Structure formats: structure tokens, C-alpha cells
Amino acid sequence: MIQRTIRFHKLVRSLGVASSLSPSSKNLGVYRCFGTVASPNAEQASDPFEDSYDLDKHEYADVDWDNLGFGLVQTDYMYVMKCSNDGKFEQGQLRRYGNIELNPAAGVLNYGQAIYEGTKAHRKKDGNLLLFRPDQNAMRMKIGAERMCMPSLSVDQFIDAVKQTAQANKRWVPPPGKGSLYIRPLLLGSGPILGLAPSPEYTFLTYASPVRNYFKEGSAPLNVYVEEEYDRASRGGAGGVKTITNYAPVLKALTRAKSKGFSDVLYLDSVHNKNLEEVSSCNIFIVKGNVISTPATSGTILSGVTRRSIIEIARDHGYQVEERVIPVEELSEADEVFCTGTAVGVAPVGSITYQGKRMEYRTGAGTACPQLYSTLVGIQTGQIGDKKGWIVEID
């Protein structure tokens with residue numbers, strides 16, 4: 001305890017925080033200062049996390065875990081890495097969570113040159129952390145970077161950044177069964193550029209926030225509205241990659257739908273306006289008997305990591321899974337509908353409204369959704385043995 005206290009006071013002195021605080025304090029909210037301490041010097045504000053500080057596996061931040069939603073909770077650290085002029089990323093480092101500085105002419109601000117990912121860390125009962133398929137997020141970011149004319153860090157660099165971010169913010173990972181730590185890697189054009197062209201400099205950063213249910217309905221079935229006026233993505237566009245430019249355009253339709261009491265919006269293809277694409281923030285599946293169908297990712301639909309995982313899990317459970325074009329009319333014939341995504345997990349859909357007609361679906365016990373969700377979460381949290389090599393454990 002003496003050695004640990006010395007390390008703690010060394011850390012708080014480097015942060016400029018009153019050293020009267022004790023690492024054994026029950027009021028763990030005092031650590032919130034890590035993300036808000038001001039520094040007159042940008043370099044001083046980027047001091048890396050001290051490896052000597054040994055956070056106990058079962059220490060927790062001062063959070064009401066029972067009422068956790070899907071909103072930003074400021075944590076302690078973020079990870080930052082810059083891209084040099086030769087297109088190679090330098091060694092990244094952990095910095096205290098805080099604002100970043102951008103030139104007004106930065107490519108991301110003027111031309112939307114940026115992509116992002118989303119993954120989660122779960123806490124096991126023994127205190128260790130589990131990451132779910134971070135290599136898939138890394139490879140998807142590489143594909144997205146190529147589409148957006150950006151250099152990309154390697155898969156190993158990406159995974160290392162995610163691991164460091166999770167470890168440094170470990171006390172913000174909810175207790176088992178209370179949620180997860182949502183980790184958001186971002187790659188953005190941070191260099192100044194006036195004419196339309198790729199940015200001359202890039203920044204990769206990763207931050208995190210503890211979360212629970214994405215939708216305000218919690219685990220209750222969603223009520224979805226089929227959008228016919230606005231498109232989410234068009235053929236030849238960037239709908240198949242996770243660029244930031246895909247999301248602001250859906251806000252108009254989403255806000256309108258929510259004002260009418262709907263949970264989210266289901267978009268149709270931009271060419272024929274008759275085939276299912278995806279929901280604003282997740283992929284969609286329909287179930288008819290033993291057959292589960294989902295729209296094929298043909299360039300306008302994001303290839304979700306959760307989507308890919310659920311397809312494999314469903315086949316393991318004996319379902320026939322089809323990736324194909326799905327006409328909107330098939331919604332009236334489906335027994336069950338559900339959505340998948342890193343943020344939403346596997347969410348049941350209770351109803352879909354299309355052209356004024358409300359179609360209702362089976363939910364709850366005996367349906368595919370809870371069965372698939374239970375298996376997915378079991379693997380993600382370590383309650384089910386990982387036989388697929390999907391889990392990365394951090395002690």
C-alpha cells in the first residue's frame with residue numbers, strides 16, 4: 001500500500017491535482033480531474049499514462065451503473081497518434097482526455113475527411129477485460145481509409161491503441177452485467193487544406209465512455225419507420241464504409257421519425273426505393289420460419305462486425321442465413337425482425353410502419369433474437385467459451 005500511495009501521489013503531482021487525495025478513497029469521482037485539468041502548454045497536456053500506476057482490477061469510477069444509458073461519460077484518457085509526411089504513423093501515446101486543437105482549414109472540418117470505428121470492452125468477474133474482434137474493426141478501418149484517400153495504421157497498431165485505451169480507463173468499465181466500455185477510434189484529416197484534396201496530415205485518436213442500452217426503450221422492442229423521401233446512401237457513394245459523412249444526412253429523417261414516436265428509421269435503396277438497406281445506426285435481419293435474411297453488403301450497406309458475427313452464430317444454431325436483396329414487401333410476411341450493431345447489440349423490432357401500414361412481429365421467448373443475443377453476449381463477456389478466436393483478453 002505504501003508503494004502504491006507513492007506512485008499515486010507521483011501521478012497526481014504530474015497532473016497538478018491536490019495530493020491530499022488518497023488512492024483508497026471511496027469517492028472515486030475525484031479522478032474526473034484527469035480529463036479537465038487545464039495546461040498552458042499543449043505538450044504538457046499530453047503527458048503519457050504512467051505505467052507505474054497500478055489500478056486495482058476491481059476499482060470503479062463514481063458512476064450510477066444501474067442508470068447508465070448511451071451518453072458520453074468523460075473518462076480519464078485517450079490515445080493519440082499522428083501520421084508523418086511519409087504516410088507512416090508515429091508511435092502513439094495516451095493523453096489525458098480533453099479537447100483537441102484543429103486548424104480551421106483542417107480537411108475534416110472543410111471536406112469531412114474522416115472515418116471512425118466502434119468496439120467494446122467487457123469486464124469479467126475476475127476483473128480482466130475482454131475485447132470483441134478488434135481485428136475486424138481494424139481491417140474495416142483500413143478499407144474505409146482507402147476509400148476516403150487516407151493513410152491507415154496497421155492492424156497491430158489499431159489493436160494496441162484500443163487495448164491501451166481500455167486499460168488506461170479500466171475503472172470506467174462497468175461491473176459484469178451493468179454495461180460495457182464503448183471505445184471509439186477516429187481517423188481524421190487534421191492538416192490544413194483549402195482546395196478540395198486529401199489532407200496533408202492525419203490524426204488517429206481513440207477515446208472511451210461507459211455505456212449500456214443504446215435505445216431509450218432499453219431492451220424493449222423497437223418501433224421502426226420506413227423512410228421513402230430521404231436516402232441513407234447511393235450507389236458509388238461511401239455507404240459501405242464508416243465515414244462521418246454518412247451520419248449527419250440521416251438526422252433529418254431520424255428526428256422526424258422520433259418526433260412521431262418511432263425508435264429509428266429503416267432506409268430503402270436509392271435506385272428503386274423498394275429494397276431494404278439498413279437502419280440509421282445498425283443492420284437489419286428478417287426471420288421467416290428457419291430462414292434468416294439480411295440485405296447483402298453491396299457497397300451501400302455497412303458490413304457490421306456484429307452483423308457478421310450474428311450470421312455465423314445463427315448458422316451454428318441451425319438457421320439458414322441468406323444475404324440477398326430483400327424487397328420491402330417481404331416485411332409483411334416476416335415472423336420476426338431484429339437489428340444488430342456494436343452500439344445496439346441485437347435489438348428486437350416490435351413493429352415497422354410502411355406507407356401508413358403498421359406491421360407487428362413476434363418478440364420474446366421462443367424467437368431467434370434473444371437466443372442469438374444471449375450467445376453473442378455470452379462470448380463477449382466470457383460466460384461462453386470462445387471457440388472462434390474472437391476474444392482478446394487484457395489482464
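Okay, helix-only estimate at 222 nm for the chain: each DSSP H run of n ≥ 4 adds -39500 (n - 2.57), divide by all residues, round to 500 deg cm²/dmol; what do you get?
When only DSSP H runs of four or more count, the value is -6500 deg cm²/dmol.
Across Gly261, Gly299, Gly189, mean-square fluctuation computed from a Gaussian network of the chain (C-alpha pairs under 10 Å connected) peaks at Gly261. Shown in residue order for the stretch 171-184 are the 3J(HN,Hα) couplings computed by the Karplus curve 6.51 cos²θ - 1.76 cosθ + 1.60 at θ = phi - 60°: 5, 8, 6, x, x, x, x, 10, x, 8, 9, 7, 10, 10 Hz (x for Gly and Pro).
Taking Ala368, Ala208, Ala220 in turn, the Gaussian network model of the chain (Cα-Cα springs below 10 Å) assigns the largest fluctuation to Ala220.
Once both axes come from the Cα atoms, what is the angle between helix 2-15 and the longest principal axis of the chain, in degrees from 0 to 90, rounded to 10? For helix 2-15, the angle is close to 80 degrees.
Among the listed options (1) 37, 26, 18; (2) 33, 26, 20; (3) 72, 21, 16, the one matching semi-axes √(5λ) of the Cα gyration tensor in Å as calculated from these coordinates is (1). Just checking the listed ones, Gly127, Gly356, Gly239: in the Gaussian network model of the chain with Cα springs under 10 Å, the one fluctuating most is Gly356. Taking 15 Å as the cut-off, the amide N atoms of the stretch 258-302 that come nearer than this to a point 7 Å along the Cα-to-beta-carbon line of Ile143 belong to 283, 295-302. Across the stretch 265-280, computed HN-Hα scalar couplings (Karplus, 6.51 cos²θ - 1.76 cosθ + 1.60, θ = phi - 60°) run 10, 9, 9, 9, 5, 7, 7, 9, 6, 9, 10, 5, 10, 7, 7, 3 Hz from first to last residue, x flagging Gly and Pro. Between the stretch 353-395 and the stretch 228-257, what is the C-alpha centre distance in whole Å? Here the two parts' Cα centres lie 25 Å apart. By its C-alpha gyration tensor, with a ≥ b ≥ c as the square roots of the eigenvalues, how is the stretch 232-291 shaped: rounded for a/c under 1.5, else prolate for a/b larger than b/c, else oblate? It comes out oblate by the Cα gyration axes. For the stretch 172-227, the square roots of the Cα gyration tensor eigenvalues, ordered a ≥ b ≥ c, give a/c of at least 1.5 with a/b no greater than b/c, which places it in the oblate category. Assuming a ≥ b ≥ c are the square roots of the Cα gyration tensor eigenvalues, decide whether the stretch 257-329 counts as rounded (a/c under 1.5), prolate (otherwise, with a/b larger than b/c) or oblate. Because a/c hits 1.5 or more and a/b exceeds b/c, the stretch 257-329 counts as prolate. Residue by residue, the stretch 318-326 carries 3J(HN,Hα) couplings of x, 7, 8, 10, 10, 10, 7, 6, 10 Hz when phi is fed to the Karplus relation 6.51 cos²θ - 1.76 cosθ + 1.60 (θ = phi - 60°); x denotes Gly or Pro.
The numbers here are math on the coordinates, done by the rules we state, and not lab data. Quick caveat: nothing in here was measured; it's all calculated off a predicted structure. Cβ coordinates were reconstructed from backbone atoms using ideal geometry, including for glycine residues, and neighbour counts include every protein chain displayed.
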